[in-house]
């Protein structure tokens with residue numbers, strides 16, 4: 001049997017509430033020359049049963065008894081794969097039927113591109129559309145320094161570039177995708193299809209917000225790595241669960257970015273008191289940024305008002321991306 005053109009890698013852990021829709025969207029793609037490699041980290045909620053009831057020879061299930069984390073699961077999936085292209089897909093998201101076909105066609109005709117993402121519809125816990133995420137079509141490493149221009153579950157990669165770079169770095173407990181994108185963009189061309197070919201489920205603050213600070217700490221570690229090499233001292237501070245010491249090691253620019261990002265995300269999830277704390281610190285560090293006082297005022301409103309402003313801000317960002325893509 002010949003190797004498939006595409007390998008789809010999906011890590012799972014207790015994904016029974018969402019995985020059926022995800023599997024449906026993959027198995028009914030218009031492009032069907034693929035294998036789906038699912039790496040499960042010891043699910044106990046019936047996820048395995050839902051996977052095994054799918055009578056489809058394209059599915060390969062790798063079961064690991066002990067939860068080892070998403071980063072090692074991703075590398076295991078890549079190591080098990082046979083395709084010349086590798087696509088990512090999360091168990092709680094789903095893809096448009098033409099997604100794989102569009103990405104494979106693009107990579108077949110753009111031999112210089114190592115990494116290709118897409119835009120996305122953002123959906124809530126129930127799968128209802130809440131917003132659209134546009135993406136830069138031709139981002140460079142400089143565009144990625146302050147903002148992740150790729151939606152992890154939407155990406156497709158050529159096999160060799162990430163493998164040559166050592167794959168996902170298993171030292172990263174989060175932001176492992178962002179670290180890899182930066183390393184790829186530093187050495188190869190990367191791109192996006194600015195169309196919503198992926199449906200990205202946004203979980204509530206209790207799930208996402210608890211990891212937010214750690215995500216931003218690893219973000220700084222990744223940006224430092226692409227600029228100056230891996231910072232072992234900063235990594236040690238992060239992994240010993242000492243965020244205060246890690247933040248003290250930041251430059252003023254990094255500290256300002258860190259608190260501004262935490263303020264934005266806190267406001268987005270309705271945690272206005274936390275947002276207020278972080279935006280005040282950002283103002284202290286960078287008093288000339290006139291957007292920060294506006295953010296501070298927003299923290300004295302209500303979560304509903306803040307949500308409306310955040311949605312408006314997202315539309316403005318999307319409009320700017322659209323203009324940048326047209327001018328590029």
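Laboratory data are not the source of any read-out in this text; all were calculated from the coordinates shown. All values derive from a computational prediction rather than experimental measurement. Cβ coordinates were reconstructed from backbone atoms using ideal geometry, including for glycine residues, and neighbour counts include every protein chain displayed.
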Quiz item: With r defined as the distance between the Cβ atoms of residue 44 and residue 68 and R0 fixed at 25 Å, what FRET efficiency is calculated, to the nearest 0.05?
Solution: 0.95
Self-check item: Centroid-to-centroid separation of region 244-273 and region 87-103 [C-alpha atoms, Å]
Solution: 32
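For region 6-202, calculate the relative contact order in percent as a whole number, restricting contacts to Cα pairs under 8 Å that are 6 or more residues apart.
27
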Quiz item: Between 113, 62, 316, which gets the highest mean-square fluctuation from a Gaussian network model of the chain, Cα cutoff 10 Å?
Solution: 316
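Relative contact order, percent, of region 196-328 when contacts are C-alpha pairs under 8 Å separated by at least 6 residues?
On the way: 99 pairs, mean separation 23.8, N = 133.
Taking the mean separation of contacting Cα pairs over the length of region 196-328, I get 18 percent.
Multiply the residue gap between residue 284 and residue 245 by 0.36 nm, knock off their C-alpha separation, and tell me the result in nm, one decimal place. Don't skip to the end; give the middle numbers.
Working: separation 39, 0.36 × 39 = 14.04 nm, distance 1.90 nm.
Once the chain is fully extended between residue 284 and residue 245, it gains 12.1 nm.
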Quiz item: Which of 10, 173 comes first, and how do the rest follow, when ranked by fewest Cβ neighbours within 10 Å?
Solution: 173, 10
Quiz prompt | Directionally averaged projected area (convex hull, Cα atoms, region 206-327), nm² | solution = 9.0
Exercise. Can you figure out the FRET efficiency of residue 21 with residue 323, using R₀ = 30 Å and their beta-carbon distance, to the nearest 0.05?
Key: 0.30
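Given the -39500 (n - 2.57) contribution per DSSP H run of 4+ residues, what per-residue ellipticity at 222 nm results for the chain, rounded to the nearest 500 deg cm²/dmol?
Values: 15 runs with 157 residues, N = 328.
One gets -14500 deg cm²/dmol as the mean residue ellipticity at 222 nm.
Determine, for 299, 291, 44, the number of other Cβ atoms within 10 Å of each Cβ, and report the residues in order from fewest to most. Mind dumping the intermediate values first?
Working: 299 20, 291 12, 44 9.
Starting with the residue having the fewest Cβ neighbours, the order is 44, 291, 299.
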Self-check item: Kirkwood-Stokes translational diffusion coefficient of the chain, alpha-carbon pairs, 20 °C, 1.002 mPa s, µm²/s
Solution: 103
